[in-house]
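Quick notes on the structure that follows.
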Amino acid sequence: MLNYQLSLDFAKEQDKNDPLASYRNQFHIPKNNQGNELIYMTGNSLGLQPKQTKAYINQELDDWANLGVEGHTDAKNPWLKYHEYLTDSMAKIVGAKPIEVVVMNTLTANLHFMMVSFYKPTKKRFKILIEADAFPSDKYAVESQLRHHGFDDKAGLVLWKARQGEELARYEDLEAILETHGGEIALIMIGGVNYYTGQYFDLKRITKLGHKYGCMVGFDCAHGAGNVELNLHDSGSDFAVWCTYKYLNSGPGSLAGCFIHERHAYNRDLNRFTGWWSHNKETRFRMRDEFDQLPGAEGWQLSNPPVLSMAAIKASLDMFDKVGIKKLTEKSKKLTGYFEFLLKQLGEDVIKIITPNNPEERGCQLSIQVLNADKSLHNKLTEAGVISDWREPDVIRCAPVPLYNSYQDVYYLVERLKHILNE
Ligand SMILES: *Cc1c(COP(=O)(O)O)cnc(C)c1O
């Protein structure tokens, strides 16, 4: 690991030697009223816009203007197959085989569609296990699935909680839950990287455990995709979902990804909701055929691909292809390690980092508790030009994103925080 130093010169030196430093220039960095670049630490919430995104979208707008409906087949990137242009790059990012991955719908919608197939409750085995501080949308989705199947959403929910006085959930507690309730749990659905603590769970370990007790296992990787090496195929999980507007920089509310393990690729018995885009491509436009399901993740699509959103995704994924998720996570570990080092200098009695300190158990985000702080601290940081994220009751989340954040960003962020704390 790097020998971190406190000086600004050290940060400058790291930026100079950073093999990914040039990528920052390929993004629009938001500025304040005086035209100075803000310190943007919320790529975990909405990733910044790559400068090339506009050209990718304009290509499709132009083809639409010039070709109308013929663009489906005659556009530079024929629209009928647009989702296919994303598959290989996305599969690399999440560590999956192309047949296991598709981009479609939005995140919470995909989570529901996955539960249509992988949450198959019976009278005896109907519960769903999630982590106690799951992202609200996931919790609501899971509760509504329970109700949809006629179960009580309180009785049907099993929570994996951190212990009293602790922030991170422990695996031995999950093991204990499964030992007692494993036979009642139909589905385990966990946020692969927890949005609040930044804890990156061991997907393989959770999957193995769940499968041992006969549960289906799925992950919401909204905070993992583009942030950590997910290795979804190797994890063995049944399904995963994620969005593309956080670490994958494809714009507000953009489409989501979906992983379905290869072992389910040809299974026609799994219940699912279908549309014409889940039907065999060769005969799709005969329009009269009996339903003939596509194999793999593509067989879960419903609609024809929304090309304008997908163009923004393509712009981003082309960049990820060039960098590679390995190089990205290498820098990420250094940059976040540096951030952690600087924060610790502020005094561990004042600052508590609730994110795991093992770099293998986190991505780039650090979730920080500041002694006696309330939202006014976050507001002061904003005034000082730092865009961070506040979560009640007392957590500031900062995500130095390796693709566009610099060592100097991190240096100045901690300097400004120190200044505010000393006031
Ligand atoms: C960001 C996020 C969401 C948001 O869901 P949308 O359907 O895209 O609005 C849901 N779950 C998790 C875990 C998230 O991080």
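The values are calculated or read from the model by the stated rules, or taken from the named source; none is laboratory data. From a predicted model like this one, the values you see are computed outputs, not experimental measurements. Quick reminder, even Gly has a Cβ in these numbers, built from the backbone with ideal geometry, and neighbours come from all protein chains shown. For accessibility, only protein heavy atoms count, side chains too; no ligands or nucleic acids. Shrake-Rupley method; radii C 1.70, N 1.55, O 1.52, S 1.80 Å.
Packing-wise, with mean Cβ within 10 Å as the measure, how do 288-299, 196-207 rank, highest first?
Output ranking for 288-299, 196-207: 196-207, 288-299.
Give me the percent of DSSP beta bridges within the chain that run antiparallel, rounded to the nearest 5.
That works out to approximately 55 percent antiparallel.
Determine the distance separating the Cα centre of the range 302-319 from the Cα centre of the range 42-80; give it in Å without decimals.
7
Once neighbouring chains are kept in place and the probe is 1.4 Å, which whole percent of the accessible area of the range 327-406 is contributed by carbon and sulfur?
Details: 1450 of 3130 Å².
Percent of accessible area from carbon and sulfur atoms in the range 327-406: 46.
Between residue 282 and residue 350, 0.36 nm times their residue separation minus their Cα-Cα distance comes to what? Intermediate values should be presented prior to the final figure.
On the way: separation 68, 0.36 × 68 = 24.48 nm, distance 6.30 nm.
Result: 18.2 nm gained on full extension.
Based solely on its DSSP helices, what 222 nm [θ] is calculated for the chain when runs of n ≥ 4 H residues each add -39,500 (n - 2.57) and the sum is averaged over all residues, nearest 500 deg cm²/dmol? Before the final figure, lay out the partial values.
Working: 13 runs with 153 residues, N = 423.
Calculated mean residue ellipticity at 222 nm is -11000 deg cm²/dmol.
I'd like the antiparallel share, as a percent to the nearest 5, of DSSP beta bridges with both residues in the range 82-321.
Details: 11 of 26 bridges.
Roughly 40 percent of the beta bridges in the range 82-321 run antiparallel, per DSSP.
For the chain, set up a Gaussian network in which alpha carbons nearer than 10 Å are linked by springs, and say which option among 143, 70, 175 fluctuates the most.
70
Dipole size in debye (nearest 20) for the chain around its Cα centre, Lys and Arg Cβ +1, Asp and Glu Cβ -1? Display every interim value, and only then the final one.
On the way: 49 positive and 54 negative charges, 74 e Å.
It comes to approximately 360 debye.
Give the shape of the chain as rounded, prolate or oblate, defined through the alpha-carbon gyration tensor: a ≥ b ≥ c are the square roots of its eigenvalues, a/c under 1.5 means rounded, and otherwise the shape is prolate if a/b is larger than b/c and oblate if not. Each step should come with its number before you reach the end.
Values: a/c = 2.15, a/b = 1.22, b/c = 1.76.
Oblate is the answer for the chain, as a/c is 1.5 or above yet b/c matches or exceeds a/b.
Could you size up the charge dipole of the range 82-321 around its Cα centre, putting +1 on the beta carbon of Lys and Arg and -1 on that of Asp and Glu, and report it in debye to the nearest 20? Please list the in-between numbers first.
Working: 26 positive and 30 negative charges, 113 e Å.
The dipole magnitude comes to about 540 debye.
With point charges of +1 on the Cβ of Lys and Arg and -1 on the Cβ of Asp and Glu, referenced to the Cα centre of the chain, which listed residue (45, 6, 367) lies farthest in the positive direction of the dipole?
The one lying farthest along the dipole's positive direction is 45.
Cut-off 17 Å, label point 7 angstrom out along Cα-to-Cβ of residue 205: give me the residues of the range 108-138 whose amide nitrogen falls inside.
Flagged as within label range: 131-132.
Using a Gaussian network for the chain with springs between C-alpha atoms less than 10 Å apart, which of these wobbles most: 279, 211, 149?
Greatest mean-square fluctuation among the candidates belongs to 149.
Positive end of the charge dipole of the chain (Lys, Arg +1 and Asp, Glu -1 on Cβ, about the Cα centre): tell me which of 21, 387, 56 has its Cα farthest that way.
Among 21, 387, 56, the one farthest towards the positive end of the dipole of the chain is 56.
Based on the alpha-carbon gyration tensor of the range 156-249 and its eigenvalue square roots a ≥ b ≥ c, which shape applies: rounded if a/c is under 1.5, prolate if not and a/b is larger than b/c, or oblate? Could you put the intermediate results ahead of the total?
Values: a/c = 2.10, a/b = 1.37, b/c = 1.53.
Oblate shape, in that a/c is at least 1.5 and b/c is the bigger or equal ratio.
Which pairs in the list 127/154; 204/327; 97/331 are over 19 Å apart, alpha-carbon to alpha-carbon? Can you show the working numbers first?
Numbers: 127/154 10 Å; 204/327 22 Å; 97/331 25 Å.
Where the Cα-Cα span goes over 19 Å, the pairs concerned are 204/327; 97/331.
Could you provide, to the nearest whole Å², the per residue accessible area of the chain with probe 1.4 Å? List each step's numbers first, then the result.
Values: 18790 Å² over 423 residues.
For the chain, the per-residue accessible area is 44 Å².
Two decimals is fine: what is log10 I(q)/I(0) at q = 0.13 Å⁻¹ for the range 82-321, from a Debye sum with one equal scatterer on every Cα and no solvent?
Scattering profile of the range 82-321, log10 relative to I(0): -0.76.
Is the range 84-169 best put as rounded, prolate or oblate by its Cα gyration tensor, with a ≥ b ≥ c the root eigenvalues, rounded for a/c under 1.5, and otherwise prolate when a/b is larger than b/c, oblate when not? Provide the component values of the computation, followed by the final result.
On the way: a/c = 2.50, a/b = 1.47, b/c = 1.70.
Oblate.
Quote to one decimal, in nm, the extra length available between residue 65 and residue 379 on full extension: 0.36 nm per residue of separation minus the C-alpha distance between them. Before the final figure, lay out the partial values.
Numbers: separation 314, 0.36 × 314 = 113.04 nm, distance 4.47 nm.
Additional length available on full extension: 108.6 nm.
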